[in-house]
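Asks: Here's a structure for you.
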Amino acid sequence: MLAGLQRAFQDAVLGEADGTLAEHVTAPGLAARIAVYRNTVQGSLGEVIAAAFPVTRRIVGDAFFSALARRFAAGHPPRLPQLSAYGADFPDLLAEEAALHRLPYLADVARLEWARGESYFAAEAPALTPGVLIETSPEALDALKLRLHPATRLVRSPYPIHRIWQVNQPEVEDVPAVDMSVAENVVLTRREGRVALRLTSAGDAALVAAIAEGEGLGDAAARALAEDAAFDLESALRDHLIAGTFRN
Amino acid sequence: MVRAIPGAAGIGLRHPHDLALAREPAGTPLTTPWVEVHSENFLCDGGPRLAVLAAVRERYPVSCHGVGLSLGSAEGLDAAHLKRLRHLFDWVKPGLVSEHLSWSVTGGVYLNDLLPLPYTDDCAAVLARNISHAQDALGRQILVENPSRYLSFRESRMPEAAFLARLVEDTGCGLLLDVNNVYVSCVNTGGSAEDYLREVPADAVGEIHLAGHTIDGAGDTRVLIDTHSTHVCDEVWALYRAVIGRLGARPTLIEWDRDLPEIGVLLDEAARAARIMAEAA
């Protein structure tokens, strides 16, 4: 009996019609009262999505974003009460949204924002120290399997997602023109509680992707070179040590 | 170490006030006697949020207030969620743990609101089973908070205060009495807040919440909304004074979640609650 009432309530607050819930309820101004719950459920979930995707929201505008977020909430309500994990599927909705076909980069920008949130909430771990690389003999380096830090994320895109992200920060008032023909890759890392976004080469992105898949350093470097003949492993590793891309 | 929550007036720990408390040097006087956090905000694996709480709990008694357990779900509780909460509490060592007389999960979907329940025998049995399950899994007593309500169910057969008394008797849980919620619910659904507060089992009340609400609409559609966005209203202060006169001092929390002002405004509200407790002593 309680289960039936709760299903009717769920249908009423995720949808737009009171349905059978109205039969269970007593209140003056009945529809307005159910609407209080509907507004809280849809509105609060929309706010969670808005907080996770501020750049996406700025690009499409508040009104359109709010409608999208409500539709997302109704079709993909959370399965977990910790809302820091809610919204992973939102970029896919953007990719499928017909009204957004003129903004083909938007889903990847949203993926970058989601990666940023994941990095922020990821587990702590000590970053890789240079000693590990220095102490490994040159013959053993090829087989060395580095591990990504839990807060490291890689986002690769055929669009200039890093540039779009930068020019849509709150402090930027006049958004400059962006050359949409540039492909960009971003490595995200967290040091001392701050998530850093670092634009990186196609070769370096291939290196990080290969290491994430468990490849040894030799094979990972070969994949990087196949992507980008000018790839320089030594300088890439130096940058990763500074950024904290890998863990000890 | 578990720091007990004192019978004094604390504040909800919200951003950015959390940073100020986390950065206080050791040995300086506490800004507030205790703080409360929303448990579900800290179920992440790492990062700055946990680091700030780690610093705050070094100095302050912390109460963990849940919004996601869904004690009123007909389908029972999510064992994985209980396990995550247990893990959090084993680390935070909260002085109090609380949840709500409400539901938010059905069919495994989390609706992110504290939804109302019908006060029936059937529902009391579901609640008693779920509260006992939670207390067993968490290895401790929990306090159950009365929700703010915007409607009632035809099925309901007893007043909310009597329903809460029955759950206390059946499960040994305590109560978190939200005086603003009592006022909001009584105005919205009919009923006397004074009667409600007289009927609540006094010994079970382990904590009190105070918050502000807003008024929406007019006439038939006038409804008080529990927004936690403003000062505690005069009617709620009067009810609080009456409750404290009857119960004596209890841990009291100022909740403010939206349109968050400077921390001083929250501390002024807490000081007003502290004065009322002192005058009743």
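Asks: Looking at segment A:95-110, which of its residues are in a loop (DSSP other than H, G, I, E, B) and exposed (fewer than 14 other Cβ atoms within 10 Å of the Cβ)?
Replies: Selection gives A:His101, A:Arg102, A:Pro104.
Asks: Looking at A:Ala110, A:Ala85, A:Ala74, A:Ala8, can you tell me which residue is more than 30 Å from B:Gly47 (Cβ to Cβ) and either within 13 Å of chain B (Cβ to nearest Cβ) or among the small types (Gly, Ala, Ser) (or both)?
Replies: A:Ala8
Asks: Taking only segment B:125-157 into account, find how many residues are under 27 Å from B:Leu253 (Cβ atoms), surrounded by fewer than 21 Cβ atoms within 10 Å (Cβ to Cβ) and within 11 Å of chain A (Cβ to nearest Cβ).
Replies: 0
Asks: Could I ask something else about it? Taking into account only those residues within segment A:18-56 that are among the polar types (S, T, N, Q) and away from chain B (no Cβ under 11 Å), which is nearest to A:Ala110 (Cα to Cα)?
Replies: Ranking the qualifying residues of segment A:18-56, first place goes to A:Thr56.
Asks: Look at B:Asp113 and say whether it is modelled with pLDDT of 95 or more, over 24 Å from A:Thr40 (Cβ atoms) and out of contact with any Asp or Glu (no Cβ under 6 Å at 6 or more places or on another chain).
Replies: no
Asks: Going by the structure shown, is B:Asp122 at pLDDT 95 or above, facing chain A (nearest Cβ under 9 Å) and out of contact with any Phe, Trp or Tyr (no Cβ under 9 Å at 6 or more places or on another chain)?
Replies: Yes, satisfied.
Asks: What residue, of A:Arg116, A:Arg79, is within 14 Å of chain B (Cβ to nearest Cβ) and touching a Lys or Arg at 6+ places or on another chain (Cβ under 8 Å)?
Replies: Selected residue: A:Arg116, the only one of A:Arg116, A:Arg79 that is within 14 Å of chain B (Cβ to nearest Cβ) and touching a Lys or Arg at 6+ places or on another chain (Cβ under 8 Å).
Asks: Here is a list: A:Glu124, A:Glu118, A:Glu113, A:Glu139. Which entry is part of a loop (DSSP other than H, G, I, E, B) and among the acidic types (Asp, Glu)?
Replies: The conditions single out A:Glu124.
Asks: Can you tell me which residue within segment A:19-67, out of those that are more than 25 Å from B:His213 (Cα to Cα) and either outside any helix (DSSP H, G or I) or among the basic types (Lys, Arg) (or both), is nearest to the chain's Cα centre (by Cα)?
Replies: A:Phe53
Asks: Can you give me the number of residues within segment B:65-95 that are more than 12 Å from chain A (Cβ to nearest Cβ), touching a Gly at 6+ places or on another chain (Cβ under 9 Å) and either closer than 21 Å to B:Asp178 by Cα or crowded, with 21+ Cβ neighbours inside 10 Å (or both)?
Replies: 1
Asks: Only one of these is in contact with a Ser or Thr (Cβ under 7 Å, 6 or more places away or on another chain) and touching a residue at least 40 places away in the same chain (Cβ under 8 Å): A:Ala196, A:Ala115, A:Ala143. Name it.
Replies: Only one candidate passes the filter, namely A:Ala196.
The values are calculated or read from the model by the stated rules, or taken from the named source; none is laboratory data. Since we're looking at a predicted model, the values are computed, not measured. Positions of Cβ are generated from backbone atoms using ideal geometry, with glycine treated the same way; all protein chains shown enter the neighbour counts.
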